[in-house]
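One structure is given here, and the rest of the page talks about it.
A short reminder: the numbers here are calculations on the coordinates, not readings from a lab. This is a predicted model, so every value here is computed, not measured. Positions of Cβ are backbone-derived with ideal geometry, glycine not excepted, and every protein chain shown enters the neighbour counts.
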Amino acid sequence: MRLAISGTYSSGKTITSYALSHLTGIPRTRARTMRELLPIALPGKTLEECRAAELLQLIMRRHVERAVQESHLTEGFISDGSSLQEWIYGSVRVIVGINPNNSLHLGELESVERTTEMVFFEDVIGQLGYAIKDHVRESYDAFVHLPNELALAADGHRPVNERFRTMADEAIAREVDAMGFPRHVVGGTVPERLTRIVEIFGFEQVMAVETAIELAQLEYQSVDMTIESDRASVIVASR
């Protein structure tokens, strides 16, 4: 089974995928997150400071890492999100802007100014979509979609707002359905989510749910949550 845990920012994808991997013994893909890639790709910048071209670089870096990780797990895997998610985050920015928080004054049906940069960005994002969707079609068997039911984490890594998050969540579900994948919406607490996913796919449990969650929390705590610009100064100084 090649299973993607989908959803938008702060939907609980990471902790759910960590715990599900421990619970079932199915390996989880390990591609670096945007927060890990930023100090390496764009030292000194936070995500909200990125230009359109720089955002495209990050999308492609994340996609390549996902594809490489997935190709090594030939017996199946659990993926924290998918490349479809990064592409959609770019697509939604065509409407709300490269930094979505700069367009909070716009109405629900309004979009940012169609500058030369944004027109080109939209064209490139559209073309990337063909390649990314081809990859997704060939790489996954099913999606578990976590609904947008949790508060947006205020950790400095998410330059988004509720409008962006809702638009992205709806777009992910729409694209997954359009590609014909089984999409199972699973909400609730982490134990409830894990129990339901195991029921849906008939996965064998190799440990107790509580133990899997404890291991996932320890793993999640090891992720570097330092703001990108602060970590970049350390990386540059060590070179």
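Of the residues Tyr9, Tyr18, Tyr130, the one with the fewest other Cβ atoms within 10 Å heads the list, and the complete ranking is Tyr130, Tyr9, Tyr18.
Gain on full extension, evaluated as 0.36 nm per residue between Leu73 and Thr166 minus their Cα-Cα distance, stands at 30.3 nm. Near Pro147: Cβ cut-off under 15 Å, other residues only, Lys/Arg at +1 and Asp/Glu at -1. The net charge is 0. Between helix 228-238 and the chain there is an angle of about 90 degrees, using the helix long axis and the longest principal axis of the Cα atoms. What the Cβ-Cβ distance of Leu104 and Thr33 gives, at R0 = 25 Å and to the nearest 0.05, is a FRET efficiency of 0.50. Here the contact order of segment 2-238, divided by its residue count and restricted to Cα pairs under 8 Å and six or more residues apart, works out to 37 percent. Label sites at His184 and Glu48, each approximated as a point 7 angstrom past Cα along Cα to Cβ, lie 3.8 nm apart.
Net charge dipole, segment 2-238: roughly 240 debye, given to the nearest 20, about the Cα centre with Cβ charges of +1 for Lys and Arg and -1 for Asp and Glu.
When the Cα positions of Gly97, Gly7, Ser83 are compared along the charge dipole of the chain, Ser83 comes out farthest toward the positive end, with charges on each C-beta of Lys, Arg, Asp and Glu.
For Ala142, nonlocal amide neighbours, meaning residues 5 or more places apart or on other chains whose placed amide H falls under 5 Å from its own, are Arg2, Ala4. Here's the picture: charge each Lys and Arg Cβ at +1 and each Asp and Glu Cβ at -1 in the chain, and of Val119, Val190, Ala168 the one pushed furthest to the positive end of that dipole is Val119.
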